[in-house]
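Take a look at the structure below.
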Amino acid sequence: MSQIDQLELIWQEVLEIMASELAKPSFDTWIKDSRPVHFEGNTLFVELPNEFTRDWVDARYAAPLRKTLRHVVNKDWDLKLVIPSNLKPLTESKSSEPEVFEPESPEIVEEPESAAPAPSQGQGQEPISSILNPRYTFDTFVVGNSNRFAHAASLAVAEAPAKAYNPLFLYGGVGLGKTHLMHAIGHMAMERDPNINVVYVTSETFTNDLITAIGKKSMVEFRNKYRNVDVLLIDDIQFVAGKESTQEEFFHTFNALYEANRQIVISSDRPPKEIPTLEERLRSRFEWGLITDIQPPDLETRIAILKKKADMENYRVDPEVLTYIATHIQSNIRELEGAFIRVIAYANLNNVPVNVETTSEALKDLIQAPKNRPITIEQIQAVVANHYGIKIADMKSKKRTKKIAFPRQVAMYLSREMTDSSLPQIGSEFGGRDHTTVIHACDKIQSAIKMDPALQVTIRELVDTIRQNS
């Protein structure tokens, strides 16, 4: 592999990590188009398209980019941001430029595409978390009615790991603050005890590490990495569903940590009982501790989040602008903050003031006009089937197992609530069932919603998805 390819491979890994930490609009606007162009001494020169972008990234993202780069290469490299100039991009031809690095560790080797990525952690080191985002602390977390309980539980865990709620299971939709709280727990735990060993990983990283360990016959090292920790923060646990070997290993990891009185914090996009193909023994262990949800923020909380963002970035923005953004961007916090950054960038690049008119223009392609297409039963069936991991044909079949019957009842309930179809029409779309079956399903789901907060969240998320797809 050439030196150019090595640097680009390293930078691609940096970009992948940053993409997982930043809101998509922020990443796409500022970071995505960066590329390595030069390497000298121990400094990697990364090019950005223009001076404004370079200055913005340098002021706000240089530190996490540098930290991520050092994590990837496992060396104390520096990072310099540049703009297109006379600085020659990397080429394979010989020149008088200093030789591009030849890394000692981690060694970059050519592997088949199917091979698992080599871990960035050196042999014999203490377990290392993927990087905790310095912005994700309790101080920067905006508390509202939608997340107050989850925040309080996370704070209690951070102040006294394994003493309050173990495990702590946080669930909610994308971009609502689960990852923020997990990082905040890690930061506070380490602030209170600098010797504490905190590991934050996604379930995908856990799986990849397991695959690598199996391939290299290094399971002892893998188990030491994950079982000799004081606090394990594992994000997006829903992705272990259906992966038998991963679930088996995580089951034993969970048991080892729990029995050693170590704190476990888990996040998911849904509660344990709604994760399809999750083994029952894992599901039951997740339910040993505290399960709490994070709901989409209300208008007041969204405005507070934007105000906090403006204060952190040292921007003075009229309340009317914040209210406009918060009113029109309601999906999640990640998109809310991304919209704010987009407005600021638009105003700076066009040299115009930040007002409601400018904001409206900057966000015009994000603020969708009302759709006139009616929602159909077929659309509802597709969304519900996808959520519960079944086939649409299952809903129309005679199968009556709980795995099929409950999603079918949810889809019937939503069909009654979101379409103008009559009860017989709804029944007909579900395998020719009569209207009394539809009534029974709707009554059952309506009663369950009143008793089950988790189901309330699920129904709300399904409704949002159906509307977005209509």
How many residues does the stretch 234-278 contain that are farther than 21 Å from VAL157 by Cβ, of a type outside the set (Lys, Arg) and either at pLDDT below 90 or within 22 Å of the chain's Cα centre (by Cα) (or both)?
-> 13
Going by the conditions given, is ALA153 in contact (Cβ under 8 Å) with a residue 40 or more places away in the chain, of a type outside the set (S, T, N, Q) and either within 28 Å of ASN314 (Cα to Cα) or part of a loop (DSSP other than H, G, I, E, B) (or both)?
-> no
Confirm whether ASP230 is surrounded by 17 or more Cβ atoms within 10 Å (Cβ to Cβ), among the acidic types (Asp, Glu), farther than 30 Å from GLN456 by Cβ and modelled with pLDDT of 90 or more.
-> yes
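Results for (1) surrounded by fewer than 24 Cβ atoms within 10 Å (Cβ to Cβ); (2) of a type in the set (Asp, Glu); (3) not in a loop (DSSP other than H, G, I, E, B), shown as yes or no for each residue.
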site	(1), (2), (3)
PHE138	yes, no, no
PHE149	yes, no, yes
VAL157	no, no, yes
ALA162	yes, no, no
TYR171	no, no, yes
VAL174	yes, no, no
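Scan the stretch 316-334 for residues that are exposed (fewer than 13 other Cβ atoms within 10 Å of the Cβ) and not in a helix (DSSP H, G or I) and jot them down.
Across the stretch 316-334, the qualifying residue is only ARG316.
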Counting only residues in the stretch 409-433 that are farther than 16 Å from ILE445 by Cα and acidic (Asp, Glu), the one surrounded by the most Cβ atoms within 10 Å (Cβ to Cβ) is identified as GLU429
So ILE344, is it farther than 22 Å from ASN145 by Cα, touching a Phe, Trp or Tyr at 6+ places or on another chain (Cβ under 8 Å) and not assigned by TED's automatic domain parsing to the domain that holds LEU455 = yes
Among the residues of the stretch 373-385, is any under 30 Å from ALA345 (Cα atoms), at pLDDT below 90 and not in a helix (DSSP H, G or I)?
-> no
Answer with yes or no whether ALA184 is part of a helix (DSSP H, G or I), buried (at least 20 other Cβ atoms within 10 Å of the Cβ) and at pLDDT 90 or above.
-> yes
Among all residue pairs at least 6 apart or on different chains, which show Cβ distances below 6 Å where the first residue, located in the stretch 340-358, is within 20 Å of ARG302 (Cβ to Cβ) and modelled with pLDDT of 90 or more and the second is surrounded by 19 or more Cβ atoms within 10 Å (Cβ to Cβ) and not aliphatic (A, V, I, L, M)?
-> PHE340/LYS309; VAL343/THR359; VAL356/TYR324
Failed criterion for ARG302 (all others in (1) at pLDDT below 90; (2) under 22 Å from SER26 (Cα atoms); (3) among the charged types (D, E, K, R) hold) | (1)
Considering each of LYS178, LYS163 in turn, give the residue that is on the phi < 0 side of the Ramachandran plot, of a type in the set (Lys, Arg) and touching a residue at least 60 places away in the same chain (Cβ under 8 Å).
-> LYS178
So which pairs qualify, if the first residue must be in the stretch 41-64 and outside the structural domain of TYR315 (by TED's automatic domain parsing) and modelled with pLDDT of 85 or more, the second must be in a loop (DSSP other than H, G, I, E, B) and hydroxyl-bearing (Ser, Thr, Tyr), the Cβ gap must be under 6 Å, and the two must be at least 6 apart or on different chains?
-> VAL46/SER34; LEU48/SER34
Looking at the stretch 14-37, which of the residues that are outside any helix (DSSP H, G or I) and at pLDDT below 85 is surrounded by the most Cβ atoms within 10 Å (Cβ to Cβ)?
-> LEU22
Kindly indicate whether ILE333 is without any contact (Cβ under 8 Å) to a residue 60 or more places away in the chain, of a type in the set (A, V, I, L, M) and in contact with a helix residue (DSSP H, G or I) (Cβ under 8 Å, 6 or more places away or on another chain).
-> no
In the set GLU21, GLU47, the lone residue that is more than 20 Å from HIS180 (Cα to Cα) and among the acidic types (Asp, Glu) is GLU47
Counted residues in the stretch 372-407 being under 29 Å from the mean Cα position of the chain (by Cα), closer than 18 Å to SER422 by Cα and of a type in the set (Ser, Thr, Tyr) come to 0
If we ask which residues in the stretch 38-81 are more than 21 Å from MET312 (Cα to Cα) and assigned to a helix (DSSP H, G or I), their number turns out to be 7
Do we find that ILE291 is outside any helix (DSSP H, G or I), out of contact with any Gly (no Cβ under 9 Å at 6 or more places or on another chain) and of a type in the set (Val, Ile, Thr) in this structure?
-> yes
Has the stretch 263-272 got at least one residue that is β-branched (Val, Ile, Thr), under 20 Å from PHE141 (Cα atoms) and assigned by TED's automatic domain parsing to the domain that holds ASN224?
-> yes
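The values are calculated or read from the model by the stated rules, or taken from the named source; none is laboratory data. A quick note: this is a predicted structure, and the numbers were derived from the prediction, not measured. Cβ atoms come from the backbone with ideal geometry, glycine included; neighbour counts cover every protein chain shown.
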